[in-house]
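The structure appears below as structure tokens.
Every number in this text was worked out from the coordinates using simple rules, so none of it is lab data. These numbers come from a predicted model, not from an experiment. Cβ sites come from the backbone with ideal geometry, for glycine too, and all protein chains shown count toward neighbours.
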Amino acid sequence: MTLKEKIGSRKAAIGVIGAGYVGLPLSVRFAECGFRVTAFEIDERKVEAIQNGRSYIADVGTATLAKLVNAGKFTATTDMAKLAACDAVSICVPTPLNKTRDPDVSAVLAAVEAIKRTLHKNELVIVESTTYPGFTREAVLPMFAETGLKVGDDFFLAFSPERVDPGNPTYHVKNTPKIVGGHTPRCLEHVALLYGEVVDHVVRVSSTDSAEMAKLLENTFRAVNIGLVNEVALMCKRLGIDTWEVIEAAASKPFGFMPFYPGPGLGGHCIPVDPHYLSWKMKTLNYTARFIDLAGEVNSAMPRIVVELVVDALNVDRKAVNGSRVLVCGVSYKRDSDDLRESPALDVIELLLERSATVDFHDPHVPELTVASGHRFKSVDITRPGAIEAYDAAIIVTDHRALDVVALLERASLVIDTRNATKAPLAATPKRTRARVVRL
Ligand SMILES: NC(=O)c1ccc[n+]([C@@H]2O[C@H](COP(=O)([O-])OP(=O)(O)OC[C@H]3O[C@@H](n4cnc5c(N)ncnc54)[C@H](O)[C@@H]3O)[C@@H](O)[C@H]2O)c1
């Protein structure tokens with residue numbers, strides 16, 4: 001049976017390397033569509049959880065996972081030798097930055113090395129991890145070429161960027177269009193065929209380089225626009241204009257404008273990281289990616305600006321930040337999530353600690369956290385009588401829906417609002433507000 005026939009009849013055995021935010025939902029989608037899927041994971045706890053039918057990713061229901069595992073459609077292992085039995089393998093491992101803020105592609109290379117050991121005829125390998133343009137062609141292909149197998153004839157190599165937006169109630173694997181690029185036309189045909197079985201819409205591009213660059217355009221677009229709107233917020237502050245009102249007004253234009261909102265800084269695994277992959281690549285070509293650098297500069301300054309707001313606001317109350325009690329509300333990098341990766345709240349906490357403030361946090365989704373300097377915190381229960389009143393300032397860093405903003409307004413003396421979370425409650429119950437509110 002050819003690989004195409006195996007895919008068409010859903011008899012192809014699928015391997016997914018890395019069962020995290022990206023790999024687990026993708027594995028589940030393949031399994032739901034009738035493929036036999038094996039997740040290859042180095043984290044034994046994740047393997048154990050999958051084998052016990054227990055999900056650890058909010059977007060994947062435990063009942064769904066358990067059903068697929070019990071039906072024999074989905075399994076997980078740490079044993080990379082089992083890659084030999086896979087017809088198609090998707091690489092979904094992390095691609096962070098190293099200490100010098102350069103791309104760290106070591107996990108992808110480790111996955112490629114593992115696949116290489118058992119690479120066989122008619123196998124399709126898809127890189128999903130976000131990376132720089134040219135990576136699949138320049139770094140992955142030469143490793144596979146060492147096997148003597150010929151790409152496009154003996155095996156197929158593709159890049160297909162992951163676009164998952166954890167926590168998004170509308171868009172998930174099935175209905176998010178999937179970009180695919182192959183190293184050769186036959187590679188493209190195979191990857192398009194495979195994803196065509198599991199997603200509603202496949203978008204073909206002419207090369208792996210284009211697919212890699214498309215992903216970086218998407219995330220650079222976000223980073224640059226967030227940088228722009230953060231700078232607009234700083235300009236509005238100097239001008240004495242309400243930033244949020246300005247954005248709302250501009251967003252009434254039905255064409256040519258898309259609203260972005262200021263905030264305490266970028267967070268998560270993608271937007272603060274991915275544009276650096278592009279600027280790093282461009283540096284190797286002696287080109288400076290100016291928009292990326294500038295957006296990075298503006299966005300990474302935001303936690304410091306938030307802390308300056310706190311310092312200035314405490315000053316109005318004749319208080320020094322040194323010794324003041326500050327409650328950081330919402331610490332994950334985005335609303336309704338428990339994901340702390342690159343969260344600007346962690347920087348805000350560190351900067352306050354550096355200034356000798358007494359810091360606590362409250363987050364309905366995060367029970368505890370440790371910041372880089374080693375301080376450990378447990379989420380404060382703000383429903384306790386006197387809990388909010390005990391603080392000199394409360395900062396809304398992440399506007400979870402479950403965050404009781406009304407309680408903060410009624411019981412805190414000072415609220416620093418970095419997300420415009422107080423607007424609606426203030427409008428609804430202006431009389432019950434005790435807090436002085438300072439917005440970004
Ligand atoms: N999380 C997102 O929202 C998102 C969105 C789009 C793209 N991406 C990209 O997808 C990729 C994966 O991101 P993620 O958020 O799923 O990361 P993650 O950390 O949630 O998951 C990655 C998994 O890979 C495992 N792993 C690491 N090295 C391994 C190896 N050598 N072999 C087997 N398993 C290994 C880790 O244990 C982890 O479980 C990254 O390149 C990221 O930039 C992420």
Sequence-separation-based contact order of the chain, relative, with Cα cut under 8 Å and 6+ spacing, percent: 10
Amide H partners (placed H, <5 Å) of Phe155, local residues excluded: Asn122, Lys150
Theoretical FRET efficiency, 1/(1+(r/R0)^6), r = Cβ-Cβ of Lys283 and Arg434, R0 45 Å, to 0.05: 0.30
Semi-axes of the equivalent ellipsoid for the range 3-206, Cα gyration tensor, largest first, Å: 24, 19, 18
By average C-beta atoms within 10 angstrom, highest first, the peptides 54-67, 223-236: 223-236, 54-67
Amide H partners (placed H, <5 Å) of Asp417, local residues excluded: Ile396, Val438, Arg439, Leu440
Relative exposure of Arg238, Arg163, judged by other C-beta atoms within 10 Å (fewest first): Arg238, Arg163
Degrees separating the helix 185-196 axis from the principal Cα axis of the chain, which is the longest one: 60
Semi-axes of the equivalent ellipsoid for the chain, Cα gyration tensor, largest first, Å: 44, 24, 19
MRE, 222 nm, helices only [DSSP H, n ≥ 4, -39500 (n - 2.57), over the chain, to nearest 500]: -11500 deg cm²/dmol
Low-density loop positions, chymotrypsin sites (Phe, Trp or Tyr not before Pro), the range 286-353 - DSSP coil, at most 13 other Cβ in 10 Å: Tyr287
Percent of beta bridges antiparallel (DSSP, the chain, rounded to nearest 5): 10
Tilt relative to the chain, helix 274-284 - C-alpha long axis, 0 to 90 degrees, to 10: 70
Least to most buried among Cys187, Cys33 (fewest other Cβ within 10 Å first): Cys33, Cys187
Cβ-based exposure ranking for His362, His120, His190, His201, in which fewest neighbours within 10 Å come first: His201, His120, His362, His190
Cα-Cα over 28 Å, subset of Lys121/Lys283; Lys67/Lys334; Lys4/Lys283; Lys215/Lys237; Lys6/Lys150; Lys11/Lys46: Lys121/Lys283; Lys67/Lys334; Lys4/Lys283; Lys215/Lys237
Summed side-chain charge close to Met282 - residues other than Met282 whose Cβ falls under 11 Å, Lys, Arg +1, Asp, Glu -1: +2
Folded to 0 to 90 degrees: helix 302-316 orientation relative to the chain principal axis, Cα: 10
Computed FRET value (nearest 0.05) for Ala66 with Asn98, which takes r as the C-beta separation and R₀ as 25 Å: 0.10
Scattering profile of the range 304-355 at q = 0.15 Å⁻¹ [log10 I(q)/I(0), Debye over alpha-carbon scatterers]: -0.44
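To the nearest 20 debye, what is the magnitude of the charge dipole of the range 216-299 about its Cα centre, counting +1 on the Cβ of each Lys and Arg and -1 on the Cβ of each Asp and Glu?
Charge dipole, the range 216-299, about its Cα centre: 220 debye, nearest 20.
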J(HN,Hα) series, the range 377-394, from Karplus relation 6.51 cos²θ - 1.76 cosθ + 1.60, nearest Hz, glycine and proline x: 9, 10, 4, 7, 7, 8, 7, 4, x, x, 5, 6, 4, 5, 9, 7, 8, 10
Filtered GluC sites (Glu not before Pro), the range 328-405: DSSP coil and at most 14 other beta carbons within 10 Å: Glu389
Surface/4 of the Cα convex hull for the range 260-384, nm²: 9.3
Around Val298: net Lys/Arg minus Asp/Glu count, Cβ-Cβ under 15 Å: 0
Rounded to the nearest 20 debye, dipole of the chain from Cβ charges on Lys, Arg, Asp, Glu: 540
Charge context of Leu340, other residues only, Cβ under 15 angstrom, K/R +1, D/E -1: -3
